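Novice: Before anything else, here's the structure in question.
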Amino acid sequence: MEKVLGDGVKIQKWYIQKLPQETFAVENAIIMDNSDRWPLMIDPQMQGNAWIKMMEKENKFEIIKPTMDVKAQTRILKNCVSLGYPVILEDANETFDPIIEPLLGKQIEKKGNMWTIKIGDEQIEYSRDFKFYVTTKLSKPHFSPEVCVKVTMLNFQVTEVGLEDQMLNIVVTHEDPNNMKKRNDAIIKKADNMIKKAQLEDKILNQIATSEVDILEDDVLVETLDESKSQCKLIDQQLIEAEQIMKHIENVRDQFKPVAFRVSRLFFVLVQMMNVDPMYQYSLDFYKMIYERALDNGNSIEKGKRNEKVKFFIKEFTSLLYENICRSLFEEHKLLFSMLMLFKIVEKTVDDPSKILLDAREVRFMMVGGSRVEMARPNPTGEGGWMTDKMWASILQISEEFDVFKDLGSNIERNLDEWERIYNLQQPQETKEAKWPAPYGDMPLLKIAMFLRVFRPDKVIPIIKKMIVEDKELGPSYIVPPPFDMEKSYSDSTNKVPIIIVLSPGADPMNELQKLGGQYRAKIQAISLGQGQAEIAKNSIQFAIENNEWVVLQNCHLCPSFMPTLEGIIDNIVEDKNSGFRMWLTSMPSPNFPVTILQNGVKATIEPPKGLKANMLRSYLGIDQTEFESCDKPTAYKALMWGLCFFNALILERRKFGPLGWNIPY
């Protein structure tokens, strides 16, 4: 498409205007440029939005949002439609306000010499210079067929290639800002020169076409040709110089490619997490913030040691990403997140990104297990034996589908007693200690996990943990999530960035919130949302903004109708890093929670941690250091505190057994 419909000069100009430098984005831009219908961009990372704003910067564009007042929307649309200014509808929902419908369908009428369109109840003049763009942050929107036929649907979701280029630019700008500035200047100069060259060619062709005398006797044309010849030489020289600068910068970029490769790939783990829970939504800006923080942490390493820096950046970013994302995940999903990170890391290498090292079929089998119920051969343990018919059918399936297990069924039939012994072990996943029959004890951990999925499904989680611990890129710290720290969430927020606390059943963060508020001497207003509370909430937010207080909107999931209004309120807040105002939102997981707030907010989950150690750490984090020092007998006090925290952790962990051992004897 780029070769057939693309204009090289125009594409270079788009690149300068922040269009991602990848084929996918360029093709989208070409489709939009050649389409008669207005574009509707699926743009979760706001890349297309940023490009449109840069492209229409000189044309005095206006922005409208679904959360805006209808009167304000109508006024902006009427002005822009009649004056010919572009309009961008941001954060579009799956349904559109009736006032937008005539614009989407281009319902233009001609009255005399004037074109008109209906906006609201009024027929107004329609300028041919008017442009309309629609962008949505929804990653998987479901628009009605009536909407789809009126617009040009474009998918501006980020791709690995485009994101890698962006991450590479960020790291090179951080490490070598002067050369990066030269590269950017060279790109702009190259684009300008290509435009000048095209204009000269058009000018010459136009003069040839309109010349009324012999072209050899046309003095104006001869002068133009001489002038263009000298200008073309100058332009060609400048293009050669620009190419040399670009070549030098590419050598620098190649050194940091492993960093950009890792960072760009891990972003798609966050995209996958959206399928797990609707609250797990993260913006590209938030992701870049973590990346830039990792780069800043490497400032202590000398600039000459680039290989050392590359290794540090990769390790530091991976660690920071895990810490920042884990605080917004439920306990049951934290190991899943670590596993997805592991698979994303080992799937491809920067040396040969086209080669896939991880077999998707193997991963799927490990996650899902066998699907067969029919047995090709009878169960060797017989009816009621230690091996169920379903297990035997799955073993036969894995033997047929994967070469490494091709003799597994026969091996189990020959060594039935040996495999029964392994089956009854407490830790069969420890292949060396369990003495698995050859060659199965020496298999990679993923293949061992596949077999355990059908042989001992209860040991799949321990083997996944072992895979993470033994991976050279991750390690033990990626199976022990950091404890919840409300103060850390507060420090990452601003007056415009709310803190979203995702609740689990029975969780109440108010005690910790009040304690934190007392620490920062902040007044807290708490409103429990529900029927009839919307107006009270709006007034409380306004009062808290004016008086630098904190406002807590509890149970946001119970008031979905208020969420678009809340989105508009947050959007209208002017960011002030010195402001004492903070907005805390608590909610159970809900598909109605606004994507914009989820992406831009600081998220945290409240629920008891898993494991004795994690529970004790959580308890100790809730105790102020002064409490330890205030007692006259610190040694005895600390021992008592330890005993209390241990007992509390033990009780919380025992909940998984229900009433056993408490009201019901074993």
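Novice: Can you name the residue in segment 201-223 that is open to solvent by less than 50 Å² (accessible area, probe 1.4 Å) and either at pLDDT 75 or above or hydrophobic (A, V, I, L, M, F, W, C) (or both) and, of all such residues, is nearest to the chain's Cα centre (by Cα)?
Specialist: Among those residues, the one meeting the criterion is Ile204.
Novice: Still on this model: What are the pairs with Cβ atoms under 7 angstrom where one residue, in segment 255-269, is closer than 9 Å to Val350 by Cα and assigned to a helix (DSSP H, G or I) and the other, located anywhere, is among the acidic types (Asp, Glu) and at pLDDT below 90? Sequence gap at least six, or different chains.
Specialist: Phe261/Glu164
Novice: Scan the strands (runs of 3 or more DSSP E) fully inside segment 68-141 and keep the ones with 2 or more residues being of a type in the set (A, V, I, L, M, F, W, C) and at pLDDT below 90.
Specialist: Those strands (runs of 3 or more DSSP E) span 114-119.
Novice: Pairs under 6 Å by beta carbon, first residue farther than 25 Å from Ile290 by Cβ in segment 170-185, partner open to solvent by 60 Å² or more (accessible area, probe 1.4 Å) and hydrophobic (A, V, I, L, M, F, W, C), six or more apart or different chains?
Specialist: Taking only residues 6 or more apart or on different chains, the pairs are Lys182/Ile245.
Novice: Pairs under 7 Å by beta carbon, first residue free of Cβ contacts under 8 Å to residues at least 40 places away in the same chain in segment 310-339, partner assigned to a helix (DSSP H, G or I), six or more apart or different chains?
Specialist: Glu316/Ala294; Leu320/Ile290; Leu320/Arg293; Leu320/Ala294; Asn324/Ile290
Novice: In segment 521-576, what residues are touching a strand residue (DSSP E or B) at 6+ places or on another chain (Cβ under 8 Å), within 15 Å of Ile499 (Cβ to Cβ) and not in a strand (DSSP E or B)?
Specialist: Selection gives Ala522, Ile541, Ala544, Glu549, Cys556, Leu566, Ile570.
Table: residues versus (1) modelled with pLDDT of 85 or more; (2) in a loop (DSSP other than H, G, I, E, B); (3) open to solvent by 70 Å² or more (accessible area, probe 1.4 Å); (4) under 30 Å from Lys311 (Cβ atoms).
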site: Thr381; (1), (2), (3), (4): no, yes, no, no
site: Ile422; (1), (2), (3), (4): yes, no, no, no
site: Ala449; (1), (2), (3), (4): yes, no, no, yes
site: Lys465; (1), (2), (3), (4): yes, no, yes, yes
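Novice: What's the total number of residues in segment 475-509 that are outside any loop (DSSP other than H, G, I, E, B) and either touching a residue at least 12 places away in the same chain (Cβ under 8 Å) or open to solvent by less than 10 Å² (accessible area, probe 1.4 Å) (or both)?
Specialist: Qualifying residue count for the region: 12.
Novice: If you check every pair at least six apart or on different chains, which have Cβ atoms under 9 Å apart with a residue in segment 374-391 that is free of Cβ contacts under 8 Å to residues at least 24 places away in the same chain and over 19 Å from Arg421 (Cα atoms) first and a residue that is of a type in the set (Val, Ile, Thr) and loosely packed, with under 12 Cβ neighbours inside 10 Å second?
Specialist: Matching pairs, first to second residue: Lys390/Val373.
So that you can scan it fast, the table gives a plain yes or no per residue for (1) without any contact (Cβ under 8 Å) to a residue 40 or more places away in the chain; (2) under 29 Å from Trp14 (Cα atoms); (3) touching a Phe, Trp or Tyr at 6+ places or on another chain (Cβ under 8 Å):
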site: Thr67; (1), (2), (3): no, no, no
site: Ile76; (1), (2), (3): yes, yes, no
site: Gly105; (1), (2), (3): no, yes, no
site: Ile108; (1), (2), (3): yes, no, yes
site: Gly112; (1), (2), (3): yes, no, no
site: Lys137; (1), (2), (3): no, yes, no
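Novice: Only one of Asn539, Asn578 is at pLDDT below 85, over 27 Å from Ile623 (Cα atoms) and open to solvent by 50 Å² or more (accessible area, probe 1.4 Å); which?
Specialist: Asn578
Novice: Take the conditions over 29 Å from the mean Cα position of the chain (by Cα), closer than 26 Å to Cys326 by Cα, surrounded by fewer than 19 Cβ atoms within 10 Å (Cβ to Cβ) and not aromatic (Phe, Trp, Tyr) and apply them to Asp442. Does it pass?
Specialist: The answer is no for Asp442.
Novice: Quick one: in segment 257-288, of everything that is of a type in the set (Val, Ile, Thr) and under 22 Å from Phe330 (Cα atoms), which residue is least open to solvent (accessible area, probe 1.4 Å)?
Specialist: Val269
Novice: List pairs: first in segment 356-369 and farther than 15 Å from Phe451 by Cβ, second of a type in the set (Phe, Trp, Tyr) and not in a loop (DSSP other than H, G, I, E, B), Cβ under 9 Å, 6+ apart or cross-chain?
Specialist: Here the result reads Leu358/Phe343, each pair linking segment 356-369 to a residue that is of a type in the set (Phe, Trp, Tyr) and not in a loop (DSSP other than H, G, I, E, B).
Novice: Mind checking which pairs have a first residue in segment 540-564 that is more than 21 Å from Asp69 (Cβ to Cβ) and a second that is open to solvent by 50 Å² or more (accessible area, probe 1.4 Å) and basic (Lys, Arg), Cβ under 8 Å, 6 or more apart or different chains?
Specialist: Sorted first by the residue in segment 540-564, then by its partner, the pairs are Asn547/Lys523; Glu549/Lys523; Trp550/Lys523.
Novice: Being part of a loop (DSSP other than H, G, I, E, B), closer than 19 Å to Met32 by Cα, of a type outside the set (Gly, Ala, Ser) and under 39 Å from the mean Cα position of the chain (by Cα) narrows it down to one residue among Val158, Val147; which is it?
Specialist: That would be Val158, the only listed residue that is part of a loop (DSSP other than H, G, I, E, B), closer than 19 Å to Met32 by Cα, of a type outside the set (Gly, Ala, Ser) and under 39 Å from the mean Cα position of the chain (by Cα).
Novice: Within segment 649-666, identify whether any single residue is of a type outside the set (Val, Ile, Thr), surrounded by fewer than 16 Cβ atoms within 10 Å (Cβ to Cβ) and at pLDDT 85 or above, and answer yes or no.
Specialist: Yes, that holds for at least one residue.
Novice: Quick one: count up the residues across segment 289-319 that are in a helix (DSSP H, G or I), within 17 Å of Val252 (Cβ to Cβ) and open to solvent by less than 10 Å² (accessible area, probe 1.4 Å).
Specialist: The qualifying residues number 3.
Novice: Would you point out the residue of segment 355-366, among those that are open to solvent by 60 Å² or more (accessible area, probe 1.4 Å) and in contact with a Lys or Arg (Cβ under 8 Å, 6 or more places away or on another chain), that is nearest to Ile463 (Cα to Cα)?
Specialist: The residue in question is Leu357.
Novice: Quick check on segment 488-503. Is at least one of its residues of a type in the set (Ser, Thr, Tyr), in contact with a Gly (Cβ under 9 Å, 6 or more places away or on another chain) and over 25 Å from Asp571 (Cβ atoms)?
Specialist: no
The values are calculated or read from the model by the stated rules, or taken from the named source; none is laboratory data. Only a predicted model underlies this, so the values are computations on that prediction, with no experimental measurement involved. Counting neighbours? That spans all protein chains shown, and the Cβs are built from the backbone with ideal geometry, glycine included. What goes into the accessible areas is simple: the full protein's heavy atoms, side chains included, and nothing from ligands, DNA or RNA. Shrake-Rupley method; radii C 1.70, N 1.55, O 1.52, S 1.80 Å.
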